[in-house]
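Have a look at the structure below, then the notes.
The values are calculated or read from the model by the stated rules, or taken from the named source; none is laboratory data. Owing to the predicted nature of the structure, the values given are computational and were not obtained by experimental measurement. Here Cβ is always computed from backbone atoms with ideal geometry, including for glycine, and neighbour counts include all displayed protein chains. Only protein heavy atoms, including side chains, enter the accessible area calculation; ligands, DNA and RNA are left aside. Shrake-Rupley method; radii C 1.70, N 1.55, O 1.52, S 1.80 Å.
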Amino acid sequence: YTGSNYYSVYISNNASFTVEDGNVKGNNSYAIYVSGSSTSALINGGTVESKNHAIITRSSGELTVNGGTIKTTGNSKGAIGTDVSKCTININGGNIIGVTYAIYAPSSSSNSNDTKTINIDGGNIYSDLYGVYIADTKTTLNIGKNATEFSTTVPELSGVLYGLYKTNGTVNFYSGRL
């Protein structure tokens, strides 16, 4: 499915959306927009792409990526982005490819409830500049699994400039490769 000037897929109000295969493409805006408590997107396969954020998650929305490819072709946004409000992103597999950012968590509002949690347990995260960019004091990034076994290869975060760029927030690095 290809959207035109707004969202290709808008998920809200306790809804869920799953991509198993195929393509979801946003031309001039987001391919998938996830917003609201008990609202979720699950990517198991296929391709999600846009010139803007391919997927944006906000307002207590949750995104889980187990496979497939998520990419942006535009220079200013991340393949996966957060807005100024609370959200959870789980990356267990797949390829997240950005031009400027693969995963982008900008500064948040001053609301103390607007925490963002990003868990990267698998997959390949790559961008021409920043693999993962965090500028929000209320963002927690967990890389790898907090387990007895340590992996030096999974997950992999890389960028031509930085694999991880953090100006604020908390990073817990358990395993993987930067």
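General observations
- Members of the range 127-178 found to be β-branched (Val, Ile, Thr) and in contact with a Phe, Trp or Tyr (Cβ under 6 Å, 6 or more places away or on another chain), listed by number: ILE143
- Selection count, the range 140-156, where residues are under 17 Å from ALA102 (Cβ atoms) and without any contact (Cβ under 8 Å) to a residue 40 or more places away in the chain: 6
- Scanning the range 62-73 for residues that are in a loop (DSSP other than H, G, I, E, B) and open to solvent by 40 Å² or more (accessible area, probe 1.4 Å) returns ASN66, THR73.
- When the range 108-158 is filtered for residues that are open to solvent by less than 20 Å² (accessible area, probe 1.4 Å) and assigned to a strand (DSSP E or B), the ones remaining, listed by number, are LYS116, ILE118, ILE120, ILE125, SER127, GLY131, VAL132, ILE134, THR139, LEU141, ILE143, LEU157.
- Residue in the range 21-31 that is in a strand (DSSP E or B), within 12 Å of the chain's Cα centre (by Cα), within 19 Å of ILE91 (Cα to Cα) and among the aliphatic types (A, V, I, L, M) present: no
- Residue in the range 44-55 that is farther than 23 Å from PRO155 by Cα and part of a strand (DSSP E or B) present: yes
- Single residue of SER59, SER76 found to be closer than 20 Å to ASP114 by Cβ, more than 13 Å from the chain's Cα centre (by Cα) and open to solvent by 10 Å² or more (accessible area, probe 1.4 Å): SER59
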